[in-house]
Amino acid sequence: MKLHRPGAEIWTPDGTPAEEALARTTHMGIGAHQDDVEILGQRGILDCFDRTDRWFTAVVVTDGAGSARGGPYADYDDDRMRAVRKLEQKKAGMVGDYSAVVLLDYTSSDVKTPPATPVVEDLAALLKAARPEVLYTHNLADKHDTHIGTLMRVIEACRKLPSADRPARVLGGEAWRDLDWMCDPDKVTVPLSDREALSNALLGVFDSQITGGKRYDLATSGRFRAHATYHQSHHLDATNLLAFLMDLTPLVKDPSLDPVTYAKGFIDRFQAEVLDRVKRITGR
């Protein structure tokens, strides 16, 4: 497969040829940065781990050059940081037994600035080759511009494909803003406690971020633990770790559906729920 960026690559942990690794993919995660997929797509990784009939492929859109850095990484320039982040992503692929790790090597500006045609074309080619049943990516309420840019490119890429080639389900996971605020009927809830050690190991390989001053490992686990307890006020915890996802499938199935309108629907329902409860309890 010919990707646009000269630094792009498709790496397979078990040495399977790239075309075969993509073809056997059943679950895919597309994230803006290295470690995003391990946060937003954990359920998909766990579902495929140690299986021969399910395979997970991670796609990272940007090059990692703009990553935050501190501690022993404080003096790393962008080129050295880019190399470190790519290696860390490959380590996660090895730990998670991925089918493939795809590094598209774009800058954040490439992704955020429409029309971003090369990005969309690369993603569409990968999706066509893999035809994943389930696709994990960012959600519409994320507050990171590059995450939203990546999500928009993913939606555009899916829409370029024939209907039969599009993922059956597309889910937006949590990163820079969780989804606890969404009304419960709107949440896609997924338990994550079945392989907690694996989940910890996946994020633990991103040492440049953890040792460098961003404890994504603790923050992600803490978020999922909080969700498990605070999701239902009148029931005992059903799991130790719980993630909330946004169902983005309608945006892929119906190209006429506006992402802004779709996002507004979640916000409007949340607003109505809050105001209705306050009015009801105050007798208004």
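The values are calculated or read from the model by the stated rules, or taken from the named source; none is laboratory data. Since the structure is predicted, the reported quantities are computational estimates derived from the model, not experimental observations. In this analysis, Cβ positions are derived from the backbone assuming ideal geometry, glycine residues included, and neighbour counts consider all displayed protein chains. Protein only, heavy atoms only, side chains kept; ligands, DNA and RNA dropped before computing areas. Shrake-Rupley method; radii C 1.70, N 1.55, O 1.52, S 1.80 Å.
Of all residues in region 85-105, those satisfying the criterion of being crowded, with 24+ Cβ neighbours inside 10 Å and outside any helix (DSSP H, G or I) are 96, 98, 99, 100, 101, 102, 103, 104. Look through region 17-33, keep the residues that are assigned to a loop (DSSP other than H, G, I, E, B) and open to solvent by 40 Å² or more (accessible area, probe 1.4 Å), and return whichever of them is farthest from residue 139 (Cα to Cα). In this case the residue turns out to be 17. Considering each residue of region 169-200, count those that are among the hydrophobic types (A, V, I, L, M, F, W, C), open to solvent by 60 Å² or more (accessible area, probe 1.4 Å) and in contact with a helix residue (DSSP H, G or I) (Cβ under 8 Å, 6 or more places away or on another chain), and give that number. Selection size over region 169-200: 1.
State whether one or more residues within region 215-236 are in contact with a helix residue (DSSP H, G or I) (Cβ under 8 Å, 6 or more places away or on another chain), open to solvent by 50 Å² or more (accessible area, probe 1.4 Å) and not in a helix (DSSP H, G or I). No, that holds for no residue.
Restricting region 240-271 to residues that are assigned to a loop (DSSP other than H, G, I, E, B) and open to solvent by less than 20 Å² (accessible area, probe 1.4 Å), the residue that is farthest from residue 141 (Cα to Cα) is 241. Remark: pairs (first residue in region 239-251, touching a residue at least 24 places away in the same chain (Cβ under 8 Å) and of a type in the set (Asp, Glu); second residue assigned to a helix (DSSP H, G or I) and open to solvent by 20 Å² or more (accessible area, probe 1.4 Å); Cβ separation under 9 Å; 6+ apart in sequence or on different chains) = 247/186.
When 36, 14, 50 are screened for being open to solvent by 20 Å² or more (accessible area, probe 1.4 Å) and under 25 Å from residue 174 (Cα atoms), only 50 passes. For a quick check of your reading of the model, give me the residue pairs whose first member lies in region 155-178 and is touching a residue at least 12 places away in the same chain (Cβ under 8 Å), whose second is hydrophobic (A, V, I, L, M, F, W, C) and in a loop (DSSP other than H, G, I, E, B), with beta-carbon atoms closer than 7 Å and at least 6 apart or on different chains. Cβ pairs passing all conditions: 170/248; 171/248; 172/140; 172/248; 177/141. Every condition in (1) touching a residue at least 60 places away in the same chain (Cβ under 8 Å); (2) open to solvent by less than 10 Å² (accessible area, probe 1.4 Å); (3) not in a helix (DSSP H, G or I) holds for residue 64 except the one numbered (1). Is it the case, given these coordinates, that residue 67 is modelled with pLDDT under 95 and in contact with a helix residue (DSSP H, G or I) (Cβ under 6 Å, 6 or more places away or on another chain)? Spelling it out, residue 67 is indeed modelled with pLDDT under 95 and in contact with a helix residue (DSSP H, G or I) (Cβ under 6 Å, 6 or more places away or on another chain).
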